[in-house]
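The values are calculated or read from the model by the stated rules, or taken from the named source; none is laboratory data. Please read all numbers here as calculations on a predicted model, not as lab measurements. Please note: Cβ atoms are built from the backbone with ideal geometry, for glycine as well, and neighbour counts cover all protein chains shown. Heavy atoms of the whole protein, side chains included, go into the accessibility calculation; ligands, DNA and RNA do not. Shrake-Rupley method; radii C 1.70, N 1.55, O 1.52, S 1.80 Å.
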Amino acid sequence: MLLLRCPLLLLLLPLSSRPQKFPTRDEELFQMQIRDKAFFHDSSVIPDGAEISSYLFRDTPKRYFFVVEEDNTPLAVTVTPCDAPLEWKLSVQELPEEASGEGSGEPEPLEQQKQQITNEEGTELFSYKGNDVEYFVSSSSPSGLYQLDLLSTEKDTHFKVYATTTPESDQPYPELPYDPRIDVTSLGRTTVTLAWKPSPTASLLKQPIQYCIVINKEHNFKSLCAVEAKLSSDDAFMMAPKPGLDFSPFDFAHFGFPSDNNSGKERGFLKSSSKFGRQTSSKPRADLHKVCVGNKNIFTVSDLKPDTQYYFDMFAVNTNTNMSTAYVGTFARTKEEAKQKTVELKDGKVTDVFVKRKGAKFLRFAPVSSHQKVTFSVHSCLDAVQIQVRRDGKLLLSQNVEGVRQFQLRGKAKAKYLIRLKGSKKGASVLKILATTRPNKQSFPSLPEDTRIKAFDKLRTCSSVTVAWLGTQERNKFCIYKREVDDNYNEEQKKREQNQCLGPDTRKKSEKVLCKYFHSQNIQKAVTTETIRGLQPGKSYLLDVYVIGHGGHSVKYQSKLVKTRKFC
C-alpha cells in the first residue's frame with residue numbers, strides 16, 4: 001500500500017497539537033483526506049493514484065517521497081518531462097521495523113515518524129536522463145521509503161509525476177494499439193491526410209478517448225504537456241513559483257483532485273479541474289497548432305504551405321482523467337506548386353488571361369527592337385487583380401487593378417519583362433492585357449473615373465426612362481443595350497453579370513437600343529444623356545453601356561437596373 005508520509009527532517013510542516021495523518025489507499029480514509037488540503041500542503045509528497053504537475057528551477061534538485069508499507073506490492077511510477085530533458089532517479093530505503101505496517105494499521109503521528117526516518121541514501125532502483133516519458137514498473141516491490149529525485153540542468157521546466165500501487169486496475173493513461181504509428185494516407189500541395197489505429201482503451205474498455213493532432217515545422221513532441229508548454233508558458237500550467245515557496249500556497253486543483261464542494265465518488269483518478277483542462281486564452285504560436293478531433297481515426301490537415309516539411313504528432317487523451325499517451329509521430333513534405341507556364345506576350349496584341357482565386361499567372365514580354373518606353377494596358381473584367389512587372393529581375397511596378405489601367409515604363413535595350421498577375425481572395429479573375437513599345441498603339445478605350453449610369457427618376461414614364469453617363473476627351477463609340485428582367489432581380493444577380501470583357505457581340509440584336517459617337521474637350525462637360533423608349537409599363541430593365549475603342553476592344557460600364565412607372 002502506497003502511503004503519503006514524508007521524512008520530517010526534510011519535509012516536516014509545522015505540527016498542530018493533534019497528530020497529522022497522511023492519505024492512504026484505504027478508500028474511505030483516502031477520500032476524506034484528499035478533501036483536506038492540509039494533507040497536501042507540502043507538495044513533496046506523491047499521492048497514490050493521482051498525477052501531479054510541478055516545476056523545477058534549473059540546477060535545483062527536487063525530491064519526492066512515498067511509503068510502501070507491504071512487501072510484494074505492485075508499483076508503477078511515470079515521469080513526464082514537459083519542455084526540457086530531466087535527470088531522475090528512484091531509490092528506496094528500508095523502514096524501521098516499527099513502521100512496517102505490522103502494528104495496528106493506523107497511520108502513525110509525524111512525531112513518531114521523525115524518529116524512524118534516517119538520512120541514509122537508499123538503494124537505487126532506476127535512473128533516467130532525457131526528455132522521453134519514462135516508466136518504472138515492478139510487479140513486486142519491497143516495503144520501504146521511496147524517494148524520487150529530479151533535476152533539470154537545461155532550464156526551468158514543468159513536469160508531471162504519477163505513482164500507483166494498483167497499476168492493473170487504474171490504467172489512467174490510454175493504451176496504444178499494437179501499431180502506434182501515424183500513417184500518411186494522402187499528400188497534396190496544401191493538405192495531408194492522417195490515419196491511425198484506435199486506442200484499445202476506447203475500442204475495448206469503452207472509456208472516453210479523444211485524439212489530438214499537433215502540427216509544426218520543427219520536430220516531433222514526446223508528450224502533450226510538452227506541446228502545451230510550447231503553446232502557452234503560463235496558462236495551461238501552473239505559474240512558475242517563486243524560489244523558496246515550493247508552491248505554498250498552491251492551487252489544489254492542479255493535482256487532479258476535486259474542489260471542496262465535490263467529494264469525488266470514484267476511487268483513484270479524479271477528473272482534473274476545468275481550470276487545468278480549459279483551452280488556453282493566450283495567443284497561439286503561428287508555427288504550432290493543436291486540434292482535437294474527437295474519436296475520429298482519420299483527419300485531413302489543410303491550409304498548409306506547398307513544398308514544406310511538417311511534423312505530425314497524435315495524442316490519445318482520456319477525458320475522464322485528462323491524461324494522455326503519445327502515438328509514434330511522423331513527418332511529411334507537402335507537394336510542390338505546379339510549375340506555372342509563362343505566357344509570351346506579342347507586341348501590340350491583346351491577350352486573354354484567367355487567374356484562379358488566390359492563384360497566379362506569369363507572362364513574359366521580350367521586345368524584338370530597341371525601345372524608349374513600354375506600355376502595359378490591363379483590363380480587369382471581374383474582381384481586382386494585382387500586377388507586378390519586373391525588368392531583368394528588378395521590380396518596376398506593383399499595383400492592384402480594377403477596370404482599365406495603363407502603365408508606361410521606361411524602356412531599355414534588349415530588356416525582358418516578367419509580369420506576375422495574382423488573383424483576389426474573393427474569386428477568379430478574368431482580364432485582358434496588352435504590351436507594346438508603340439505609344440500610339442492603344443487597343444483599350446479610355447474610361448472616366450466614374451463608370452456608373454445615372455437614371456433620372458422625374459423623367460421616368462410608363463414607356464421610357466432617361467439615363468446619362470460620363471465620357472472622356474477621346475472620341476469613342478458608345479452602344480446602349482436593354483434587357484427586361486424579373487421584378488425580383490437583385491444586386492447579387494447583377495454582380496454576377498459584371499464581366500466587363502463581354503462585348504456587344506454577346507448580346508441579342510433585339511436588345512440593342514442605339515450606338516453613337518461622343519467626346520468633349522472639356523472634361524467637365526463630357527456627359528451624354530439618352531432616352532430609351534418603347535418600354536412596357538411597370539416593368540424592370542437592365543441597361544448596359546459599352547464603349548468601343550479604336551482597336552475594336554470594348555469595355556462595359558456598370559449595369560443599371562431601372563423600372564418604368566406602372567400608372568401614368
Practice task
Identify, by number, the condition in (1) at pLDDT 90 or above; (2) exposed (fewer than 13 other Cβ atoms within 10 Å of the Cβ) that residue 460 doesn't meet.
Solution key: (2)
Practice task
For segment 233-248, indicate whether the set of residues that are at pLDDT 55 or above, open to solvent by less than 50 Å² (accessible area, probe 1.4 Å) and within 21 Å of the chain's Cα centre (by Cα) is non-empty.
Solution key: no
Handout entry: Single match in 312, 331 (criterion: at pLDDT 90 or above, more than 22 Å from residue 549 (Cβ to Cβ), assigned to a strand (DSSP E or B) and open to solvent by less than 20 Å² (accessible area, probe 1.4 Å))
Key = 312
Problem - Sole exception among (1) touching a residue at least 40 places away in the same chain (Cβ under 8 Å); (2) over 35 Å from the mean Cα position of the chain (by Cα); (3) in a strand (DSSP E or B) for residue 405, by number - result: (1)
Practice task
Go through the residues of segment 370-383 one by one and say whether even a single one is under 30 Å from residue 529 (Cα atoms) and β-branched (Val, Ile, Thr).
Solution key: yes
Problem - Hey, residue 532 more than 30 Å from residue 351 (Cβ to Cβ), of a type in the set (A, V, I, L, M, F, W, C), surrounded by 15 or more Cβ atoms within 10 Å (Cβ to Cβ) and not assigned by the TED database to the domain that holds residue 383 or not - result: yes
Practice task
Quickly run through segment 169-196 and pick out the residues that are within 12 Å of residue 325 (Cβ to Cβ) and open to solvent by 60 Å² or more (accessible area, probe 1.4 Å).
Solution key: 171, 175
Handout entry: Condition check for residue 324: assigned to a strand (DSSP E or B), in contact with a Cys (Cβ under 9 Å, 6 or more places away or on another chain) and farther than 13 Å from residue 416 by Cα
Key = yes
Problem - residue 195 being more than 19 Å from residue 226 (Cβ to Cβ) and at pLDDT 90 or above - result: yes
Problem - Single unsatisfied condition, residue 541 versus (1) open to solvent by less than 70 Å² (accessible area, probe 1.4 Å); (2) within 47 Å of the chain's Cα centre (by Cα) - result: (2)
Problem - Selection from segment 134-146 of residues that are open to solvent by less than 10 Å² (accessible area, probe 1.4 Å) and out of contact with any helix residue (DSSP H, G or I) (no Cβ under 9 Å at 6 or more places or on another chain) - result: 141, 144, 146
Handout entry: Listing of strands (runs of 3 or more DSSP E) fully contained in segment 337-377 that carry 2 or more residues being open to solvent by 20 Å² or more (accessible area, probe 1.4 Å), farther than 12 Å from residue 419 by Cα and without any contact (Cβ under 8 Å) to a residue 40 or more places away in the chain
Key = none
Practice task
Could you tell me which residue of segment 197-215 is nearest to residue 310 (Cα to Cα), considering only residues that are open to solvent by less than 10 Å² (accessible area, probe 1.4 Å) and of a type in the set (A, V, I, L, M, F, W, C)?
Solution key: 214
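Quick grid of which residues meet (1) under 17 Å from residue 543 (Cα atoms); (2) touching a helix residue (DSSP H, G or I) at 6+ places or on another chain (Cβ under 9 Å):
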| residue | (1), (2) |
| --- | --- |
| 415 | no, no |
| 423 | no, no |
| 435 | no, no |
| 454 | yes, no |
| 479 | yes, yes |
| 487 | yes, no |
Practice task
Please work out if residue 293 is at pLDDT 90 or above and crowded, with 16+ Cβ neighbours inside 10 Å.
Solution key: no
Handout entry: Residues of segment 421-451 satisfying the condition of being crowded, with 19+ Cβ neighbours inside 10 Å and closer than 13 Å to residue 349 by Cα
Key = 432, 433, 434, 435, 436, 442, 444
Practice task
Could you pull out the residue among 74, 81, 85 that is open to solvent by 20 Å² or more (accessible area, probe 1.4 Å), at pLDDT 50 or above, within 30 Å of residue 222 (Cβ to Cβ) and within 37 Å of the chain's Cα centre (by Cα)?
Solution key: 85
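When the residues of segment 372-402 are narrowed to those that are among the polar types (S, T, N, Q) and more than 25 Å from residue 554 (Cα to Cα), which ends up nearest to the chain's Cα centre (by Cα)? Let's see the steps before the verdict.
Within segment 372-402, the subset among the polar types (S, T, N, Q) is 372, 375, 377, 380, 386, 388, 398-400.
Then drop every residue that is not more than 25 Å from residue 554 (Cα to Cα), which leaves 372, 398.
Values: 372: 50, 398: 30 Å.
Ranking the qualifying residues of segment 372-402, first place goes to 398.
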Practice task
Check segment 381-398 and report whether any residue there is in contact with a Phe, Trp or Tyr (Cβ under 6 Å, 6 or more places away or on another chain), touching a residue at least 40 places away in the same chain (Cβ under 8 Å) and buried (at least 19 other Cβ atoms within 10 Å of the Cβ).
Solution key: no
Problem - Residues located in segment 56-70, provided they are under 38 Å from the mean Cα position of the chain (by Cα) and either surrounded by fewer than 21 Cβ atoms within 10 Å (Cβ to Cβ) or not assigned by the TED database to the domain that holds residue 135 (or both) - result: 57, 58, 59, 60, 61, 62
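Check segment 439-447 and report whether any residue there is modelled with pLDDT of 85 or more, closer than 29 Å to residue 547 by Cα and not assigned by the TED database to the domain that holds residue 306.
no
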Handout entry: residue 507, sole failed condition from (1) within 49 Å of the chain's Cα centre (by Cα); (2) loosely packed, with under 13 Cβ neighbours inside 10 Å; (3) free of Cβ contacts under 8 Å to residues at least 40 places away in the same chain
Key = (2)
